[in-house]
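Below: the structure, in C-alpha cells.
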Amino acid sequence: MDSLDAPDTQFGFDLFKRLNNRKNGNIFFSPVGMSTAVGMLLLGSERATSTPLQKMLFSEKDTSSNIKMQEKDMGRHTEKTKESHHQLQRLSSDLSKPTSDYELKIANRLFGEKTHLFLQKYLDYVEKYFHASLEPVDFLNATDESRKKINSWVESQTNEKIKDLFSDGSLNSSTKLVVVNIVHFKGQWDREFKKEDTIEEEFWLSKSLSKSVPMMTQCQSFSFTSLENLPAKILGIPYKNNDLSMFVLLPDDIDGLEKIIDIISPENLVEWTRPGNMEQRAVCVHLPRFQVEDSYDLEAVLGVLRENCARDSEHSSHLDMHIQKFLHKSFLVVTEDGTEAGASTGVDFTVNAVPGYENFICNHPFLFFIKHRDSDSVLFFGRFSIP
C-alpha cells in the first residue's frame, strides 16, 4: 500500500494538528484505526443524497422503495471506494495475525438501537470490509444496561486495560447508533533497554519547568537522521522482527516542537523515515518510560472530515447524522522491554557520554509515531510533552 496516496495519512495529520491546537498535554491515536472507523461511516455516505451518512439510517416508516433506491446508490458508491477499503482490510488482517513479537488489536463494533431499521447492505459492507458487526441494544428502554454492555465489550478487547469508556449518563434514550473503534498495542523492542540502566533524569516541560522521570538508556546502532532544514533529528527504534518501528522526532530546542509542527507534513514524516534516508549510527538514546492513553469523540473527528470532504467533493457538504457517540480509544505503554510489564526505577546516577556515539536525549517534548515497514503506514501518532 502506498501510504502517501492513502487518505488515512493526511486525515490523521490533519486531526493531529487540530488536536494540537486545542489540547495541552499528550496526544495519542491511530490514524489507521481512526480512518477505519470513519470508513465505516463513509460506506453509508452517498454522493447522490443531500445528507451523506444519514441515509444509512432508516426509521420504521421508511418504505421498501426508498430502501431499494438507497441500496442501488450504495452499490455505485462502494464500487468507487472498495479498493481503499480493501487496502485497510488487508493491512488490518496482516497486522492482526498472531505473533509472539508484538500484540496489536484494531477492533470495531456498531451498537444499534434494536427497534431501529438499518440498511442491511450497509451492515453487510461494514462486516465485509471492517469486520464490524452490529450489536442490537436497548437504548430506548435500558440505556444504562446498554452502556455497560458496550463498556464490557471494550474491556474484553483491551485485556481489561480500558474501563468505563462511556461514563454514566453519556448515552440516552434517543441514541440510535454508537460506533466504537479500539486500538491496543503491546510490543517488545528488538533490543531491550536494561532495567538497571534506567535512571532518574529531568524532563523539561518548558525552559523553566521540569519534572523527574525514569529515563531508559541504551547505546546501540539505530536508524538516525539529522534533518537538514529543521532543527530536529529522528531516531528509529525497531520492535522485534522489524515489521514495526517507533520513530521519535526530537527538536534541538526545549521549546522547539511547536515551530516544527507548523512546518512538517505527513509526506515529510514518511519520506524522512524511509530506510534510504536514514543511516545506521551509533547512538546513546535516553527515552522516558511512559504511558499514554487517550480518547476522542465524534465531534473532533467530524471537524476534520467535513473539511476534507469539502476539499474533495462538492457533493459531500453535510455530515448530519443520527450517530451520537463515536469514540476512538488508544493505549500505549513504553517500558524497558517494550511491554506493559512493570519495571523499577534505577538508582540515582548518571551515564557518561560514550565517545563516538550520537546523543539522543528525549528530555523535552517530542513527537513519536509507529510505522509499518512494508506499507509505510503510520499506525500510531503522538505527542509526549507531560510525563
The computed P(r) of the stretch 119-178 puts the percent of Cα pairs beyond 20 Å at 37
Computed curve, the stretch 158-306, Cα-only Debye sum without solvent term, log₁₀ I(q)/I(0) at 0.10, 0.16, 0.18 Å⁻¹, is -0.53, -1.16, -1.31
Averaging 1/r across every pair of distinct alpha carbons in the stretch 241-283 and inverting yields a Kirkwood hydrodynamic radius, in angstrom, of 12.3
Unit-weight point scatterers at every alpha-carbon of the stretch 106-219, Debye formula, q = 0.18, 0.20, 0.22, 0.23 1/Å: log10 I(q)/I(0) is -0.92, -1.06, -1.21, -1.27
Karplus-derived 3J(HN,Hα) from phi for the stretch 332-337 (6.51 cos²θ - 1.76 cosθ + 1.60, θ = phi - 60°), whole Hz, x at Gly and Pro, runs 8, 10, 10, 10, 4, 9
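Averaged across orientations, what area in nm² does the convex hull of the alpha carbons in the stretch 172-240 project? Please list the in-between numbers first.
Working: hull surface 40.8 nm².
So the Cα hull casts an average projection of 10.2 nm².
Under 13 Å from the Cβ of S223, count the other residues' Cβ atoms, weight Lys and Arg +1, Asp and Glu -1, and hand me the total.
Numbers: positive: R191, K233, R274, R281, K371, R373; negative: D190, E279, E358.
For residues surrounding S223, the net value is +3.
Values in this text are rule-based calculations from the coordinates and carry no lab data. Note that the structure is predicted; figures quoted are calculated from it, not measured. Heads up, the Cβs are rebuilt from the backbone with ideal geometry, glycines too, and the neighbour counts pull from every protein chain shown.
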